[in-house]
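Engineer: Below is the structure I would like to discuss, written out as structure tokens.
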Amino acid sequence: QVQIVDSGGGLVQSGGSLRLSCTASGIILSNHIIDWYRQAPGKQREWVAEITSGGLKTYLPSVRDRFTISRDITKNTLYLQMISLKPEDTATYYCYARTGPGGYWGQGTQVTVSS
């Protein structure tokens with residue numbers, strides 16, 4: 001059974017930093033394309049960043065210079081390091097493991113950035 005667990009969210013002031021984690025069981029994350037998405041209240045879910053099995057990373061332009069996606073293969077964990085956070089980054093952040101036509105979602109972790 002595959003389980004994806006998102007963690008690391010919290011309340012931070014504008015300009016602050018957080019590191020989100022995406023941990024999996026029943027699946028090896030480094031074998032798949034992994035995406036981070038976010039959803040703010042009243043808005044559609046938005047793609048944020050991606051890392052491929054080969055390690056290629058892409059980012060939403062508005063976060064490219066502030067967010068870094070990485071992984072620790074030994075821990076089967078993916079990270080999203082976020083710096084210089086802005087109030088508009090406030091959202092629930094989700095990890096998504098693409099395993100084919102579909103995939104597996106984490107439960108989400110809330111990030112709130114106060115101004």
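The values are calculated or read from the model by the stated rules, or taken from the named source; none is laboratory data. Quantities reported herein were computed from a predicted structural model and do not represent experimental measurements. Calculation scope for accessible area: heavy atoms of the full protein, side chains included, ligands and nucleic acids excluded. Shrake-Rupley method; radii C 1.70, N 1.55, O 1.52, S 1.80 Å.
Engineer: Considering only DSSP beta bridges whose two residues both sit in the chain, what percent are antiparallel, to the nearest 5? The partial results should precede the final answer.
Structural biologist: On the way: 38 of 42 bridges.
Restricted to the chain, the bridges split so that about 90 percent are antiparallel.
Engineer: Return the carbon/sulfur percentage of the accessible area of region 55-94, one whole number, probe 1.4 Å, all protein chains in place.
Structural biologist: Answer for region 55-94 is 54 percent, counting heavy atoms of protein chains only.
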